[in-house]
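The values are calculated or read from the model by the stated rules, or taken from the named source; none is laboratory data. Here the structure is a predicted model, which means the values were calculated and not measured. For neighbour counting, all protein chains shown are included, and Cβ atoms are generated from backbone atoms with ideal geometry for every residue, glycine included. SASA here: full protein model, heavy atoms, side chains in, ligands and nucleic acids out. Shrake-Rupley method; radii C 1.70, N 1.55, O 1.52, S 1.80 Å.
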Amino acid sequence: MSTPTPSANAAQRTRTGGDLVVESLQALGAQTVFGLPGQHALGLFDALGRSALRYVGLRVENNAGFAADAYARTARTVAPLMVSTGPGALMTLAALQESAAASAPVLAIGSQVPAAGLGGGRHGYLHELRDQSASFRDVVKSVHSARTQSQIPSAIAEAWESALSVPHGPVWLEIPQDVLLAPVDPDVPPVRTLTVRPHVPEPRPELIEAAAELLSAAERPAILAGGGVVRAGAEAELRALAERLQAPVATTFGGKGAFPWTHPLSLQSWLEDRHTTEFLADADVLLVLGSGLGELSSNYHTFRPRGRVVQIEADAGKLAANHPALGIHADARLALRALRETAGTREDDTAPGRVRALLDRVGERIASQGLTLEQDVLAAVREALPPRAPSFWDMTILAYWAWSAFDARHPNTMHSAQGAGGLGYAFPAALGAAAADPTRPVLAVSGDGGAMYSLAELATAHQYDAPVTWLIVDDGGYGILREYMTDTFGRATGTELARPDFAALAESFGVPAVTSSPERLRADLAAALAAPGPSVVVLPALLRMFAPTHLGDSTDSPTSESEQSAPTVDANCS
């Protein structure tokens, strides 16, 4: 993806409010901007076109938001997103909800109707809303506005600081059309310096001391590591503490890669499994890092801890929100460093054996269901994907398998839309990651239903020659919803879909495509990922989910680890 150069006559152009926006972003270190132009935002985009900022334009605002989300996650910085008023702004809401759930620092900048139309005056401007920012307040971390040109640099700096303060998150800033278009007073110099001081919560020493005492004295400590560990870059600190305490570590789906998959203390991430749920519940001290113990991380709230819970979380609102805990409001990396320095060393040569026994129980449960196709497909993806290549997963059956069974191998390389749970995330997100680092191939994984949300971005992939391979698993409908409805109601309604020939459609956009099979998938994916530019691999396959355990089944009720129960094999719980 090339970087544009300013036009030859840029120096002679009159600076506008749009230039103040662009200058402010550059002063804060921005390099890439995502978005889609619209009538009220033309002053913004005109200034962007005369700047050194790289612009990546997508075809739908929601997809532009997903691309910015992925850029923010992978580059670990603020990703600016520019859109227009009304429909353009509102189209970003689903993407910004995902960014909020995943703590991705996206700075969404939207235009507004002329300043005279603000405040609900109902003047009948195009795209006019009585209170556009009200639509964003329950979605983003903070809402900002600049109603005069003098306010623009400070408003952008304030929004940038909010997005980067821990916990990270998306923010919304809006600027009226006439403010963006109006000439800047010639006496106002270009914006060169803006200072931000993002807040990072530090742990209280007395709480660290109390947590260290609990963990050091525990008989069966365990750790659940969430996405907050990955966002804080605290993987080394987590491993050091786990080894000091000899504490088994499970990762949430958002925490994939936070702890080495094959480490003797790794419980991996089988959180939708009652054996794992029971193992964690049986810990006499459970350290929860960077997770709110929400629906997915608690096996749909079937997790019932019997010991003490120590929860370290950067979002104060999540502390003890689901379970009583010794709550420590802090960035995961700072807290882990303090714990590592304070906690004593535990000697426990039984921990690796208990981990192995747990993983054996999980393996026996899955093996009893005969789902070899699904495991073979997931293994083929893992073998084809280079170890450090990022992957982005839509809400589809293969992704649900990947949450539990996929070895991310490296932190911050596996991302999905499981925060907000919307469709259409994977492909535009992969385009955003490719903009962050075009030197590595990127994988996107979608079902055919989710793929239909993002087909227009095949044009984007071709336009920017993005190194993104899109794996589309085509099962003729919304596969996971088909399973849910059939299991619950005995039939599925509204889940079957007519769809195009995805390979032929991709080729029509100038994107090479191949229709694969489970037997050829590894080779086809590897070849696509190794080739320059975008590509599509279509896999016609009807995949099934492993049986859930949160619904309850009297034939499989494991007793606690402390009671040393014999391994049991799960029946189909669906």
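For this structure, a couple of remarks:
- Positions within the range 450-465 being crowded, with 24+ Cβ neighbours inside 10 Å and within 20 Å of the chain's Cα centre (by Cα), in sequence order: GLY450, ALA451, SER454, GLU457
- LEU118 surrounded by 19 or more Cβ atoms within 10 Å (Cβ to Cβ), in contact (Cβ under 8 Å) with a residue 24 or more places away in the chain and touching a helix residue (DSSP H, G or I) at 6+ places or on another chain (Cβ under 6 Å): no
For (1) touching a residue at least 24 places away in the same chain (Cβ under 8 Å); (2) assigned to a helix (DSSP H, G or I), each residue gets a yes or a no:
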position: MET82; (1), (2): yes, no
position: ALA89; (1), (2): yes, yes
position: LEU96; (1), (2): yes, yes
position: HIS123; (1), (2): no, no
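- For the range 493-536, the candidate set comprises residues that are part of a loop (DSSP other than H, G, I, E, B) and of a type in the set (A, V, I, L, M, F, W, C); within that set, the residue that is least open to solvent (accessible area, probe 1.4 Å) is VAL511.
- So GLN375, is it modelled with pLDDT under 95 and open to solvent by 40 Å² or more (accessible area, probe 1.4 Å): no
- Of all residues in the range 1-22, those satisfying the criterion of being open to solvent by less than 30 Å² (accessible area, probe 1.4 Å) and either within 27 Å of the chain's Cα centre (by Cα) or modelled with pLDDT of 95 or more (or both) are THR16, GLY17, GLY18, ASP19, LEU20, VAL21, VAL22.
- Scanning the range 487-525 for residues that are modelled with pLDDT under 90 and of a type in the set (Ser, Thr, Tyr) gives a single hit, THR488.
- Qualifying residue in the range 49-59 (condition: open to solvent by 10 Å² or more (accessible area, probe 1.4 Å) and assigned to a helix (DSSP H, G or I)): yes
- The set of residues from the range 148-176 being part of a loop (DSSP other than H, G, I, E, B), small (Gly, Ala, Ser) and either under 12 Å from HIS199 (Cα atoms) or touching a Phe, Trp or Tyr at 6+ places or on another chain (Cβ under 6 Å) (or both) comprises just one member, SER165.
- Test: residue in the range 310-322 that is touching a strand residue (DSSP E or B) at 6+ places or on another chain (Cβ under 8 Å), surrounded by fewer than 19 Cβ atoms within 10 Å (Cβ to Cβ), modelled with pLDDT under 95 and closer than 17 Å to LEU280 by Cβ: yes
- Scanning the range 63-99 for residues that are out of contact with any strand residue (DSSP E or B) (no Cβ under 7 Å at 6 or more places or on another chain) and within 19 Å of THR413 (Cα to Cα) gives PHE66, THR74, ALA75, ARG76, THR77, GLU98.
- Residues of the range 283-324 that are among the basic types (Lys, Arg) and either part of a loop (DSSP other than H, G, I, E, B) or more than 19 Å from the chain's Cα centre (by Cα) (or both): ARG304, ARG306, ARG308.
- The residues of the range 292-302 that are open to solvent by 10 Å² or more (accessible area, probe 1.4 Å) and either at pLDDT 95 or above or hydrophobic (A, V, I, L, M, F, W, C) (or both) amount to a single one, LEU296.
- Identity of the residue in the range 325-353, part of a loop (DSSP other than H, G, I, E, B) and of a type outside the set (D, E, K, R), that ends up nearest to PRO167 (Cα to Cα): ALA330
- Selection status of ARG204, open to solvent by 10 Å² or more (accessible area, probe 1.4 Å) and modelled with pLDDT of 95 or more: yes
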